[in-house]
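Here's the structure we're looking at; comments come further down.
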Amino acid sequence: MTRSTWQRCLAILAVTAATSALVACSHEEARQAADEQKCGPSTSKPTPSGTAPEGTVPEPGPDAKNWGRSDDCVYTGPGDFTLDLSDCPSSFDNNAGITDEEIRLFTSMPHSGALAAYGAISEGIKTYFDYVNDNGGVQGRKVTIDVKDDQYQPDQTRRNVEEAVQSGEYAASFAVLGSPNNLNLRDYTNKNCVGQFMVAASDNEFGDPTNYPWTTGFGLDYYNESGIWASWIKERFPQGAKVATISIGNALGQAYINGFKRAVAQTDGIEIVDEQTNDVTAPNVDNEVTSAAASKADVVVVAEAGTFCTQTIGAIEKSSWDPVVVAAQPCAQIQTTYAPLGKQGLTGNGTNVVRYY
């Protein structure tokens with residue numbers, strides 16, 4: 001090898017090393033930039049669009065000042081809860097769906113099919129967000145929500161949510177309806193660090209921040225609600241009572257009945273003498289009501305949803321059977337359950353429900 005060739009080789013090695021260093025630097029910068037996007041706050045501040053009048057939009061609780069981001073990627077919450085955004089996938093963006101003017105959410109619920117009546121929930125959500133927006137929004141940002149129809153079919157709910165998440169246009173889901181629907185989502189939303197907030201279902205499983213930190217529940221859970229039924233029946237029938245149950249054949253109905261059975265096992269004097277379950281695709285519940293009536297039970301527990309609530313309560317009212325009726329939360333809505341009864345010349349009077357606020 002000649003001297004000039006040797007020198008040229010050193011020069012090439014030097015250039016190669018420098019290039020490698022530059023590549024390494026650019027990779028490091030890219031990683032830092034990705035972390036900043038993943039964990040960082042919005043790069044711009046919202047412009048306040050008004051100030052909420054005192055007493056209209058609830059103020060944060062006094063402990064809220066202790067919750068929030070404790071370093072670049074870790075958020076802290078009550079009960080020593082922590083959430084590390086650096087564990088999220090590379091596609092995660094903490095600012096997805098959030099602009100200077102808007103916080104964009106999405107939900108999925110039935111607007112067609114047997115349980116379409118529950119689509120009215122989304123109208124209530126929109127009405128409340130309109131109220132919040134009219135009073136200044138959230139730090140000056142308007143809160144909007146896009147609603148997707150799933151006919152209460154868990155597979156369609158999953159497709160709706162995946163489409164929304166993959167679009168990168170939303171900050172979180174809000175009040176997706178249904179027990180089986182939300183249970184079908186938890187692994188996906190938590191793996192992708194997507195907020196599955198205020199799920200419109202009350203299963204105990206939706207209060208598990210250790211395993212599912214991106215999922216938050218809402219409302220009184222089924223086990224505690226059904227436990228209240230058992231306590232109330234015991235008070236109403238201190239000498240004992242025979243109970244029949246009529247439930248929808250899905251996770252919601254099963255959770256209610258399992259919870260009620262657990263409570264009954266711990267309550268003296270209550271006996272479940274008949275259990276009826278209808279398929280979610282059934283045209284009506286006439287056969288289930290007829291079979292339950294044959295038991296001559298003192299009490300009937302109705303763990304139904306949607307039009308099945310109206311059908312069950314109406315069929316009992318039209319029959320010669322006169323039990324005390326205890327209905328689950330999904331049957332407690334005036335507009336979706338009792339208004340349709342009125343159109344049939346029925347009332348639903350005497351139905352007992354647990355209400356909470």
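Descriptive notes on the structure:
- Residue match in the stretch 62-72 (condition: modelled with pLDDT under 95, in a helix (DSSP H, G or I) and of a type in the set (A, V, I, L, M, F, W, C)): yes
- Counted residues, the stretch 305-352 - those being under 20 Å from Asn250 (Cβ atoms) and either in contact (Cβ under 8 Å) with a residue 60 or more places away in the chain or assigned to a loop (DSSP other than H, G, I, E, B) (or both): 12
- Options Val301, Val325: the member that is surrounded by 23 or more Cβ atoms within 10 Å (Cβ to Cβ), assigned by TED's automatic domain parsing to the domain that holds Arg236 and closer than 21 Å to Leu115 by Cβ: Val301
- Residues that are within 25 Å of Asn204 (Cβ to Cβ) and not charged (D, E, K, R) occur at least once in the stretch 131-153.
- Flag if Thr99 is of a type in the set (Ser, Thr, Tyr) and either surrounded by fewer than 10 Cβ atoms within 10 Å (Cβ to Cβ) or modelled with pLDDT of 90 or more (or both): yes
- Any chance Tyr170 is at pLDDT 95 or above and assigned to a loop (DSSP other than H, G, I, E, B): yes
- When each of Gly136, Gly178 is tested for being touching an Asp or Glu at 6+ places or on another chain (Cβ under 9 Å) and outside the structural domain of Phe308 (by TED's automatic domain parsing), the lone residue that passes is Gly178.
- Residue list for the stretch 100-132, restricted to those being over 29 Å from Thr336 (Cα atoms) and either β-branched (Val, Ile, Thr) or within 18 Å of the chain's Cα centre (by Cα) (or both): Ile103
- Taken together, Thr281, Thr310, Thr277, Thr351 contain a single residue that is hydroxyl-bearing (Ser, Thr, Tyr) and modelled with pLDDT under 95, which is Thr281.
- Candidates Tyr188, Tyr212: the one that is in a loop (DSSP other than H, G, I, E, B) and of a type in the set (Ser, Thr, Tyr) is Tyr212.
- Qualifying residue in the stretch 133-141 (condition: over 17 Å from the mean Cα position of the chain (by Cα) and assigned to a strand (DSSP E or B)): yes
- Residue tally, condition farther than 30 Å from Cys88 by Cα, polar (S, T, N, Q) and either surrounded by fewer than 20 Cβ atoms within 10 Å (Cβ to Cβ) or assigned by TED's automatic domain parsing to the domain that holds Asn190 (or both), over the stretch 208-241: 3
The values are calculated or read from the model by the stated rules, or taken from the named source; none is laboratory data. Everything quoted here is computed from the prediction, not taken from an experiment. Cβ sites come from the backbone with ideal geometry, for glycine too, and all protein chains shown count toward neighbours.
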